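Structure first, commentary second.
The values are calculated or read from the model by the stated rules, or taken from the named source; none is laboratory data. Keep in mind it's a predicted model, so treat the numbers as computed, not measured. Every residue, glycine among them, receives a Cβ derived from its backbone with ideal geometry; neighbour counts consider all protein chains shown. In case anyone asks, the SASA skips ligands and DNA or RNA and just uses the protein heavy atoms, side chains included. Shrake-Rupley method; radii C 1.70, N 1.55, O 1.52, S 1.80 Å.
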Amino acid sequence: MTTALTNLQMIKRLVIKDWELAKKTIAAYMIAGIFTVGLMGMATTYTFNIGAILMITLLIVIGARSAIELVVNEKKDQTLPFILSLPVTVQDYALAKLLSNLVLYFVPWFILLVSMLVVIVSTPIYNGVIPLVVLVSMYILMAYCFYLGTALLSYSEGYTVAVMIVTNLLLNGFIIGLMWMPQINQTMEAASASWNPTSLLILAALIAISLAALLLTAYLQKRKTSFL
Amino acid sequence: MNVVQRSVRLHYLDNLRAFAMLAGIFFHAALAYSPMMHNVWPTADAANHWGFDVFAWSSHLFRMPVFFMMAGFFAALLMQKRGGLAFSKNRLLRIALPLVLFLPILSVITMWIIGDALAHVTHKSPFLGFVQMMMTMPEPPQPPLSTMHLWFLYHLLFFYVLTYVLKTLLGHKVLDWLTELKPLTLLLAMIISMVPALYMVSLPFPAPEWIFPALWALWFYGLFFALGYGFFSHAKLILQFDPYRHYWLILGVLSFAAFYALLPESLIPEEYAPGTQPVGWLKLGMTALEATASVVLTLCTVLYAKRLLNFSSMVLRYISRVSYWVYIVHLPLLFWIQFHLLDLDWHIGFKFIVGTAATLLLSCLSFHLLVSWTSLSRLFVGNSSVKLSQAKPAIQQDV
């Protein structure tokens with residue numbers, strides 16, 4: 001019991017350490033986020049489209065920086081050996097990394113997604129685009145889970161960046177693929193969001209793959225014996 | 001040995017808050033008798049007078065900027081006294097919670113008041129006529145999501161986030177840099193940087209009451225918030241303008257006079273009546289005048305308040321105490337009263353006085369019935385007087 005509590009304290013400290021390291025970057029993202037929401041909120045087609053592009057860029061950049069800054073650089077800068085010399089098990093460290101990265105990415109991701117949905121619902125923009133927006137955002141989250149997993153398991157900048165490139169290239173294909181689907185594109189100009197079996201199936205698949213990626217990462221982390 | 005902390009009560013800020021709140025009621029009441037707002041304002045009376053326009057639009061240029069400047073000052077004060085975490089908790093309790101609690105309530109009440117006016121008012125304003133016409137449509141459009149007059153609280157929340165962000169990213173660098181600027185350079189920098197933001201919107205700048213943070217408002221009001229924030233630790237930022245305050249006042253009045261003379265006869269938003277708003281160079285010139293008047297008159301308000309309002313007054317202290325609650329409830333009350341005044345054949349000056357007095361009276365009454373003795377007082381009263389304790393000695397002397 002005492003060990004668990006001690007570990008919990010250490011995990012908390014490691015998460016706070018990551019927060020301290022990332023807070024400047026997050027502060028900059030906040031400005032970008034407020035600007036983007038304000039731009040989309042102007043509710044003209046032009047500003048909404050620019051805002052949407054900025055939003056997608058922001059979601060990708062936040063994830064990429066968080067994985068590189070908080071995971072890969074930790075090994076590169078020799079912070080990892082130092083931390084593991086502290087009274088902390090490798091599993092505690094791995095759990096703390098997973099937690100901090102998820103929180104530091106998931107919270108901004110969720111706020112940005114909700115903001116985007118509020119913009120769509122409260123402006124003359126067709127609510128029919130909601131499934132597309134949710135699916136694309138979910139894809140970006142899934143991609144993040146992939147390269148976070150890669151970073152946590154390999155601590156390799158090369159592998160992590162490779163996964164980032166592949167998943168971001170596939171994003172274009174994913175969007176084009178969605179636009180080609182009659183079940184998606186035919187309802188995009190509808191007054192209300194139309195969640196049909198196709199879009200729901202894609203959403204469920206994206207969530208399932210994201211969870212599977214995280215669980216697999218956690219499982220493989222647990223089996224790891226050396227982090228150095 | 002304990003060091004006795006000396007508390008300095010900044011009466012002029014207490015009093016300025018009271019006057020600014022009163023000016024808010026007068027401003028909203030005056031719009032009912034404004035020729036320029038006749039086609040737009042819900043309670044527009046059949047009779048109107050240009051004098052109400054002069055009062056409304058001159059005060060409009062500096063009243064809310066003054067509020068934002070004070071908000072910036074109090075933010076810095078609170079942060080220094082209590083630290084970041086306590087500051088966040090306090091702002092969530094006193095700004096976010098009232099916004100979340102009262103926005104839905106006020107929206108419903110205002111809709112009910114408009115519905116009641118549609119049913120019972122004979123001499124309807126053009127706005128009421130427009131709403132009535134819309135309601136006869138088979139599928140009437142939904143009214144836009146609005147933060148109503150609570151947009152002030154809504155935008156304040158963004159300023160608190162941005163304060164944290166800028167503090168984290170830049171520390172005190174920007175404030176130090178601003179303090180080193182010469183007064184005229186600072187003034188020009190503020191005015192010039194405001195012009196693009198104000199150019200984005202109609203003239204005079206509207207209330208950014210939509211549900212999204214308005215970028216122009218974040219920049220425009222943000223500069224005043226930043227000035228107030230800086231004023232707390234660098235009193236020189238504002239006090240350096242004091243020796244020439246009379247000249248600034250003249251500049252502000254002249255800028256407003258020119259701005260007012262160029263305003264169109266009717267202030268219908270561009271999207272409803274294309275071609276009515278100034279465009280091109282005329283708009284740019286008017287925006288520059290608007291920015292100049294706004295910055296200069298806001299500074300003058302604080303400078304003159306420091307000289308003329310730095311006394312303790314029971315009445316003003318009371319008004320300052322109830323001001324937050326009055327701000328929250330005054331607009332629906334005013335609408336309700338002014339809708340009932342529409343059918344009365346009184347002089348508009350008398351209607352204006354009755355409207356403002358009754359709104360103030362009912363707002364204060366509701367404060368004592370609903371707030372002062374309940375837990376709501378934690379949200380709306382708090383520690384309302386402006387004290388500088390545990391602050392740097394330099395601040396206590398200067399501010």
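See the values below:
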| item | result |
| --- | --- |
| Among A:S210, A:A43, A:I125 - extreme Cα towards positive end, dipole of the protein assembly as shown, charges at beta-carbon | A:S210 |
| Rounded to the nearest 10 Å², the accessible area of A:T167 at probe 1.4 Å | 10 |
| Evaluated over the protein assembly as shown, the Cα radius of gyration and Dmax, each in Å | 27.8, 89 |
| Under the span-like rule (Cα at least 18 Å along the axis, Kyte-Doolittle mean at least 0.5), DSSP H helices of chain B | B:11-30, B:50-82, B:97-120, B:151-170, B:183-199, B:215-233, B:245-262, B:280-308, B:314-341, B:348-366 |
| Calculated diffusion of chain B, Stokes-Einstein form, Kirkwood radius summed over Cα pairs, 10 °C and 1.306 mPa s, µm²/s | 71 |
| Filtered trypsin sites (Lys or Arg not before Pro), region A:186-228: DSSP coil and at most 16 other beta carbons within 10 Å | A:K224 |
| The protein assembly as shown - percent of accessible surface contributed by carbon and sulfur, probe 1.4 Å | 72 |
| 0 to 90° range, to nearest 10: angle between helix A:90-122 axis and chain A longest Cα axis | 20 |
| In region B:201-230, chymotrypsin sites (Phe, Trp or Tyr not before Pro) in a DSSP loop with at most 13 other beta-carbon atoms within 10 Å | none |
| Cleavage-rule hits, chymotrypsin sites (Phe, Trp or Tyr not before Pro), region A:145-207, DSSP coil, Cβ neighbours within 10 Å at most 16 | A:W195 |
| Charge-dipole axis of the protein assembly as shown as Lys and Arg at +1 and Asp and Glu at -1 on Cβ define it, positive-most pick from B:M134, A:V72, B:L249 | A:V72 |
| List of region B:192-237 residues, accessible area with partners at least 30 Å² below that of the chain alone (1.4 Å probe) | B:W210, B:F212, B:P213, B:L215 |
| Dipole magnitude (debye, nearest 20) for the protein assembly as shown, charges at Cβ of Lys, Arg, Asp, Glu | 2440 |
| Spatial separation of Cα centroids for region B:82-157 and region B:240-267, in angstrom | 32 |
| Nearest-20 debye value, chain B charge dipole, Cβ charges on Lys, Arg, Asp, Glu | 1940 |
| Chain A: angle of helix A:157-180 to the longest principal axis, Cα-based, in degrees nearest 10 | 20 |
| Buried solvent-accessible surface, both chains (B, A), 1.4 Å probe, Å² to nearest 100 | 1500 |
| Value of [θ]222 nm, deg cm²/dmol, for chain B, DSSP H segments ≥ 4, -39500 (n - 2.57) each, nearest 500 | -22500 deg cm²/dmol |
| C-alpha center-to-center spacing [region A:184-219, region A:142-180] in angstrom | 17 |
| Compactness of region A:2-223 - radius of gyration and Dmax, Cα, Å | 19.0, 59 |
| Stretch in chain B that is longest and holds no GluC sites (Glu not before Pro) that DSSP places in a loop and that have at most 11 other beta carbons within 10 Å | B:1-264 |
| Within-9-Å neighbourhood charge of B:L303 [Cβ basis; K, R +1; D, E -1] | +2 |
| Neighbourhood charge, 15 Å Cβ-Cβ cut-off, centred on B:L263 and excluding it, Lys, Arg +1 and Asp, Glu -1 | -3 |
